[in-house]
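So the structure is just underneath, and the comments pick up after that.
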Amino acid sequence: MDDYPLMNLFLTMLWFFLWVAWLMLLFRLITDIFRSHDLSGWAKAGWLICVLVLPFIGVFVYLIVRGKSMGERDRHEAQARDAAFRSYVRESAGGSANGGTDRLAQLAELRRAGDLTDQEYERAKTRYLAS
């Protein structure tokens with residue numbers, strides 16, 4: 001280890017870190033190219049060739065030209081995921097927040113109208129509250 005000074009070790013680690021950061025940026029751009037709905041197939045192929053054949057120039061030009069829309073696509077995708085998650089939670093929890101009270105109110109209205117007897121009402125209410 002005497003022939004490899006500490007500064008060289010530091011520079012090697014720095015170059016390795018920069019290489020990993022570059023690969024992460026490259027993969028991020030490639031996934032953004034493919035998930036962009038406003039680009040046609042030929043435009044996606046052109047950007048991909050530009051990014052892969054001339055990596056530094058292609059990446060920097062892509063970031064300058066389409067960098068702002070990358071953030072917007074990320075934001076819209078995150079909002080869509082959040083809305084889907086909230087919808088799933090609402091459905092799993094049994095519909096809307098007052099869905100349980102609506103069902104019980106319907107049963108009470110049917111009993112008041114005479115469509116349900118007291119025993120039928122109690123059975124339906126017990127069955128609904130048990131589920």
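The values are calculated or read from the model by the stated rules, or taken from the named source; none is laboratory data. None of these values were measured; they are calculated from a predicted model. When we count neighbours, we look across all protein chains shown, and the Cβ atoms used for this are built from the backbone with ideal geometry, even at glycine. Remember, those area values only see protein heavy atoms, side chains included, never the ligands or the DNA or RNA. Shrake-Rupley method; radii C 1.70, N 1.55, O 1.52, S 1.80 Å.
Odds and ends about this structure:
- Only helices enter this figure: runs of n ≥ 4 DSSP H residues, each worth -39500 (n - 2.57), summed and divided by the residues of the chain, yield -29000 deg cm²/dmol at 222 nm to the nearest 500.
- Exposure check, 1.4 Å probe, all protein chains in place: Thr31 carries approximately 80 Å² of accessible surface.
- Hydrodynamic radius (Kirkwood) for the chain, which is based on Cα pairs only, to one decimal in Å: 20.8
- Modelled spin labels at Leu26 and Asp115, positioned 7 Å past Cα toward Cβ, are 6.7 nm from each other.
- Close amide H pairs (under 5 Å, H built 1.01 Å from N) link Ser36 with no residue at least 5 positions away or on another chain.
- Leu116 contributes about 40 Å² of solvent-accessible surface, heavy atoms of the protein only, 1.4 Å probe.
- In this structure, the amide hydrogen of Leu116, modeled 1.01 Å from its nitrogen in the peptide plane, lies closer than 5 angstrom to those of Arg111, counting only residues at least 5 positions away or on a different chain.
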